[in-house]
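The values are calculated or read from the model by the stated rules, or taken from the named source; none is laboratory data. Since this is a predicted model, take the numbers as computed values, not measurements. Cβ: placed from backbone, ideal geometry, glycine included. Neighbour counts: every protein chain shown.
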Amino acid sequence: MKDLSPSDLKTILHSKRANLYYLEYCRVMQKDGRVLYLTEANSSQKNGENQYFNIPIANTTVLMLGNGTSITQAAVRMLAQAGVLLGFAGGGGTPLYMGNEIEWLNPQSEYRPTEYIQGWLSFWFDDSKRLEAAKQFQTARIEYLHTVWTKDKELKQEGFNLNDSSITSALSTFEQRTADAKKSSDLLLTEAQLTKVLYKFAANNTGTSDFTRQHQGTTKGNIDKANDFLNHGNYLAYGLAATTLWVLGIPHGFAVMHGKTRRGALVFDIADLIKDAIVLPWAFICAKENATEQEFRQQILQKFTDHKALDFMFEQVKKVALQGKNEQEVAIL
């Protein structure tokens, strides 16, 4: 097979790509210059033939491989050339793992832009400037929540709006405490308090009584289904965040809020920009409707597209990295 250059595959900007795949019980391979996944024939399939499905890698950001999957080296090479992040996951997309660490397998490229990592490092070693960057992300997070919940008609029909007194009060408190925060732990505490209010509001709004956040759900009833969907949706958000950082050339270890000792902490910082606005409400709504994991995943990915979640992540990370400087257009974007 003739090797393709990155320019042949990256015709769609990463910030505009539409697809995030989770695959299980299949084989991913390269065939005729394309990346395909093969599902084994079963008794219900006509003629008992194996089925091949194309993965449009030039329009894909993340490929997550779940239980029962395998992948060929040729396929991995093409995915890397197209700049697709590859992650290995458990059933349903969670937990995300590679060996014993939470990690993404990043496409290997030495020709990504340098201005963003240089800008990031120009402030990162200064505690006060790093705190200000964290505050910018928290402010952007709330602005995105306002935008999505105000714009999304389906969320409004489900009763998710910003007119509720508890939400209004929580957001006001969040904004004030964020502005007054003296260290990142203050921001983490404020974030936890807001998220607790949002969980309670979503649970009451969908009739999910006695909800308690558990990171290991058991898929019994709406409470655990909501937890499972929250876990699943969060990992999808992590995929978008990891993609954003890889494209901009910023290592995952340079977090501004979640702690300097966690190797992938910056992924969590960036994913938080969209989790409250999209993942949280739809996890509860889909649990109430007894949706399947596939239906939930399709709903979340559609909402990511509708509300330009990846675009928003790129915009905010670039804004913080450049700290008000005039941005030079980078060909890769």
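Within segment 242-262, the set of residues being assigned to a loop (DSSP other than H, G, I, E, B) and either modelled with pLDDT of 85 or more or in contact with a strand residue (DSSP E or B) (Cβ under 7 Å, 6 or more places away or on another chain) (or both) comprises G249, I250, P251, H252, G253, F254, A255, V256, M257. Scan segment 112-126 for residues that are touching a residue at least 24 places away in the same chain (Cβ under 8 Å) and not in a loop (DSSP other than H, G, I, E, B) and the total you get is 9. Criterion first (within 24 Å of V320 (Cβ to Cβ), modelled with pLDDT of 85 or more and in a helix (DSSP H, G or I)) does Y199 satisfy it? The answer is no for Y199. Is it the case that E315 is modelled with pLDDT under 90 and either within 12 Å of the chain's Cα centre (by Cα) or under 29 Å from F123 (Cβ atoms) (or both)? No. Taking residues in segment 189-200 that are within 15 Å of W282 (Cα to Cα), and partners anywhere that are of a type in the set (F, W, Y) and in a helix (DSSP H, G or I), the pairs with Cβ atoms closer than 9 Å and at least 6 places apart or on different chains are Y199/F284. Scanning segment 209-225 for residues that are at pLDDT below 90 and buried (at least 23 other Cβ atoms within 10 Å of the Cβ) turns up at least one hit. Being buried (at least 19 other Cβ atoms within 10 Å of the Cβ) and among the acidic types (D, E) holds for only one residue in D152, D164, D180, and it is D152. The set of residues from segment 135-181 being in a helix (DSSP H, G or I), of a type in the set (G, A, S) and free of Cβ contacts under 8 Å to residues at least 60 places away in the same chain comprises S165, S166, S169, A170, S172, A179. Among Y52, Y21, Y97, which is the only one that is of a type in the set (F, W, Y), in a strand (DSSP E or B), modelled with pLDDT of 85 or more and closer than 28 Å to A309 by Cβ? The match here is Y21.
Here A271 passes the criteria (1) of a type in the set (G, A, S); (2) farther than 27 Å from G159 by Cα; (3) touching a Phe, Trp or Tyr at 6+ places or on another chain (Cβ under 9 Å) except the one numbered (2).
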